[in-house]
1. Can you name the residue in the stretch 45-62 that is among the hydroxyl-bearing types (Ser, Thr, Tyr) and not in a helix (DSSP H, G or I) and is also modelled with the lowest pLDDT among such residues?
2. Go through the stretch 12-44 and report how many residues are in contact (Cβ under 8 Å) with a residue 12 or more places away in the chain and either closer than 12 Å to LEU57 by Cα or assigned to a strand (DSSP E or B) (or both).
3. Can you confirm whether the stretch 63-70 contains a residue that is assigned to a strand (DSSP E or B) and at pLDDT 60 or above?
Amino acid sequence: MYPMLQYEVIAEFRSKTKPGKCYIVKKRLDTGMLTCNCPAWIFNKYEDRTCYHTLKLMASGALQSQQQNQVIDRIEAVNSGRRVLILDE
């Protein structure tokens, strides 16, 4: 049996073209790799496995800013008490 992978939700991007749809970027806790539930990330067959959402987070410096408790766009609390970046595409 494979061990259960653990992830932390990093950001949610609201879709511009599909009202009510959000794309969720998560970070694997063991490797730090970013994942996304958008079609571009899911069907990306290359090793770098990126999409618009993961690239935007990396380019904006939001990952470092979140760790330093700085605000990038808008940070809202989620039910678990963790902070997640809520961004528009």
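1. It comes out as TYR46.
2. Residues that pass the stated criteria total 12.
3. There is no residue in the stretch 63-70 that is assigned to a strand (DSSP E or B) and at pLDDT 60 or above.
The values are calculated or read from the model by the stated rules, or taken from the named source; none is laboratory data. Computed from a predicted structure; not experimentally measured. Every residue, glycine among them, receives a Cβ derived from its backbone with ideal geometry; neighbour counts consider all protein chains shown.
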